[in-house]
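The values are calculated or read from the model by the stated rules, or taken from the named source; none is laboratory data. All values derive from a computational prediction rather than experimental measurement. Positions of Cβ are generated from backbone atoms using ideal geometry, with glycine treated the same way; all protein chains shown enter the neighbour counts. Ligands, DNA and RNA are stripped out before the accessible areas are found, and what is left, the full protein with its side chains, is counted by its heavy atoms. Shrake-Rupley method; radii C 1.70, N 1.55, O 1.52, S 1.80 Å.
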Amino acid sequence: MQHAPEDTHATRIARILADRIITGEIAPGTRLRQDHIATEFGASHVPVREAFRELQAQGLAESLPRRGFRVTEFDVAELREVAEMRASLERLALRHAAPHLTRAILAEAEEVTRRGDSAATVRDWEAANRHFHRLILAPCQMPRLLRAIDDLQAASARFLFAAWRRDWEARTDHDHRAILEALRKGQTDLACSTLARHVGWIGKRKAATKNADPRETYEILG
């Protein structure tokens with residue numbers, strides 16, 4: 001029982017660091033310095049090391065022999081892998097969740113989608129998007145599957161923030177509405193296939209840089 005406070009502290013540190021990594025505040029390749037982080041959070045080294053291990057389990061940090069931890073790099077090969085895994089796992093979760101989705105859950109998911117459509121920043125949109133997916137998948141009652149999906153969604157978010165950090169554009173999420181419509185009609189196969197296509201899609205776009213010289217990057221739908 002005496003370890004519970006440090007475990008809780010480690011989870012909090014990991015959550016804050018994960019957010020900084022996902023949004024790009026801590027850049028890929030950055031060393032995670034145990035002393036600095038322990039000082040920032042007023043913690044001993046024990047919860048900080050545990051937080052690093054949590055980040056490693058999420059694929060956000062990696063251990064270097066005799067050199068501690070650093071933030072992982074990511075590239076288009078990882079994006080494709082994450083997209084394909086999400087397509088398979090979220091389809092599975094939705095198939096099991098569908099029989100347990102209530103009108104209230106679907107109504108809340110509709111409201112969250114509207115909130116995402118009017119999001120002023122990529123951070124607000126990502127929060128609404130992730131909330132939508134959690135709402136329709138959580139009733140599957142498969143905690144291990146949901147934890148794996150959470151980690152994959154965090155990986156997807158890194159690409160989202162990298163692509164849209166400077167020139168975010170509001171968007172209308174037609175796929176979310178199509179998924180909800182299919183679920184309301186009891187068309188589970190259609191809802192699952194639409195969701196799989198939605199999270200599995202990868203596109204290219206031109207993003208402006210500080211020099212006004214466009215660079216090619218990748219985007220995802222959700």
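Overview of results
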quantity	calculated
Cα-based shape type of the range 75-153, given that a ≥ b ≥ c are square roots of the gyration tensor eigenvalues and the cut on a/c is 1.5	oblate
Inter-centroid distance (Cα atoms) of the range 117-189 relative to the range 34-48, Å	33 Å
Cα-projected label distance for SER44 with ASP150, points at 7 Å along beta-carbon direction, nm	2.6 nm
Area accessible to solvent at ASP173, 1.4 Å probe radius, in Å²	10 Å²
Accessible area in the full protein assembly, largest first, 1.4 Å probe, for SER118, SER63	SER118, SER63
Relative contact order computed over the range 98-165 (Cα-Cα under 8 Å; 6+ residues apart), in percent	36 percent
Formal net charge of residues neighbouring GLN56 (Cβ-Cβ distance under 12 Å; K, R +1; D, E -1)	-1
ARG115/ASP35 FRET efficiency (R0 35 Å; Cβ-Cβ; nearest 0.05)	0.30
Relative contact order (%) - criterion: Cα under 8 Å, at least six apart; region: the range 47-190	28 percent
Rel. contact order, % - alpha carbon contacts under 8 angstrom, at least six apart, the range 3-109	26 percent
Summed residue charge, Cβ within 14 Å of GLU78's Cβ, Lys/Arg positive, Asp/Glu negative	-3
Full-stretch length increase - ILE16, ARG103 - with 0.36 nm per residue and alpha-carbon distance subtracted	27.9 nm
Difference of contour (0.36 nm per residue) and Cα-Cα distance, GLN187 to LEU64	39.5 nm
Spin-label pair HIS131/ARG95, simplified geometry with 7 Å Cα→Cβ offset, distance in nm	3.0 nm
Tensor-based shape of the range 1-154 (alpha-carbon gyration tensor, a/c under 1.5 rounded, otherwise prolate or oblate)	prolate
Exposure rank, largest accessible area first [ASP117, ASP19; 1.4 Å]	ASP19, ASP117
Under 5 Å, built H, 5+ apart or other chain: amide partners of LEU32	PHE69, ARG70, VAL71
Heavy-atom accessible area ranking, 1.4 Å probe, most first, across MET85, MET142	MET85, MET142
